[in-house]
Amino acid sequence: KLRLGVLASGRGSNLQAIMDACRANKIPAEVAVVISDKAGAYALQRAESAGIPAHFLDYASFDGKGAYEQAAVTILKESGVQLVCLAGYMRLVGETLLRTYANHIINIHPALLPSFPGLHGQRDALNYGVKVSGCTVHFVDEGMDTGPIILQAAVPVEEEDTEETLAARILEQEHKLYPEAIKLFAQGRLRVQGRKVMIQRLANPL
Ligand code: GAR
């Protein structure tokens, strides 16, 4: 089983979807550890309820991003983590994590990248007036939501939508898309070629 380390800053509903998919044996993976940069993050409670080690790392108590990420890397390594999953992690990943887990960090974003990167994907899509938005799972590089795209799901934007109703419609798809992307990674079916992620088909049985 592929060992996952999940980094989350908040509610942790994507973490929950990943833990549930692992527990139900829908994906050949298990969440080994959860790290949050927010003290009261509900994600930490969800991990503890599931019996998964959960750590709060206080960014302010470290001397910069490098030191903070080094502490995260130590925990991830001690937990035998092979793939780092960002799930509502609201910090830009720095050099230390990127170098240690090159091509082994993925993220979910609540918009169809490269449209509407950043902290407010749903609000920005709504304000722009697009008729379709969605979510994206991608490999993480040094940019803000710029890495090679693994999977996307489209979601209609309705005229009556508020940021909350659109976010909820997108979130429903996120909870399916993220486990699916992790499954592809765990099955060894993702190949990154430049900007593109190739998904290997399963060999036809017969
Ligand atoms: C999700 O919608 C995720 O796509 C988004 O934050 C939410 C976290 O929810 N991530 C970003 O906006 C990253 N820039 P969750 O904590 O319930 O999984």
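Descriptive notes on the structure:
- Percent accessible area from carbon and sulfur atoms, the range 75-122, protein chains only, probe 1.4 Å: 54 percent
- Approximate spin-label separation residue 102-residue 204, in nm, with each point projected 7 Å along Cα-to-Cβ: 3.8 nm
- Prolate/oblate/rounded label for the range 95-206 (Cα gyration tensor, a/c 1.5): oblate
- Measuring gaps between exposed loop sites in the chain (trypsin sites (Lys or Arg not before Pro); DSSP loop; at most 11 other Cβ atoms within 10 Å), the longest gap, sites not included, is 1-130.
- 1.4 Å probe accessible area per residue over the chain, in Å²: 50 Å²
- Sequence of 79, 36 when ordered by accessible area, the most exposed leading, probe 1.4 angstrom: 79, 36
- Here residue 70 and residue 168 are evaluated by their C-beta separation; at R0 = 35 Å the FRET efficiency comes out at 0.40.
- The loop-placed GluC sites (Glu not before Pro) in the range 127-206, going by DSSP, that have at most 14 neighbouring Cβ atoms within 10 Å of their Cβ come out as 142, 158, 159, 160.
- Between residue 180 and residue 60, the contour length at 0.36 nm per residue exceeds the Cα-Cα span by 39.8 nm.
- Surface listing: 192, 93 arranged by accessible area from highest to lowest gives 192, 93, probe 1.4 Å.
- Over the chain: helical MRE at 222 nm, DSSP H runs n ≥ 4 each giving -39500 (n - 2.57), nearest 500: -10500 deg cm²/dmol
- Here the gap between residue 195 and residue 127, fully extended at 0.36 nm per residue and compared with their Cα-Cα distance, gives a gain of 21.7 nm.
- Rounded to the nearest 0.05, the FRET efficiency derived from the C-beta distance between residue 11 and residue 48 at R0 = 25 Å is 0.95.
- Among 138, 62, 43 - extreme Cα towards positive end, dipole of the chain, charges at beta-carbon: 138
- Most simply put, the chain has about 45% antiparallel DSSP beta bridges, counting only bridges with both residues inside it.
- Cα gyration tensor, the chain - rounded (a/c under 1.5), prolate or oblate: rounded
- In terms of accessible area, using a 1.4 Å probe and ignoring ligands and nucleic acids, 90, 19, 198 rank largest first as 90, 198, 19.
- Pairs of lysine residues in the chain that meet both criteria, 8 or more places apart or on different chains and Cα atoms under 17 Å apart, total 6.
- Note on residue 24 and residue 144: the model spin-label points, each 7 Å out from Cα along the C-beta direction, lie 3.5 nm apart.
The values are calculated or read from the model by the stated rules, or taken from the named source; none is laboratory data. Just so it is clear, the model here is predicted, and its values are computed rather than measured. Neighbour counts are summed over all protein chains in view; Cβ atoms, including those assigned to glycine, are modelled from backbone coordinates with ideal geometry. What goes into the accessible areas is simple: the full protein's heavy atoms, side chains included, and nothing from ligands, DNA or RNA. Shrake-Rupley method; radii C 1.70, N 1.55, O 1.52, S 1.80 Å.
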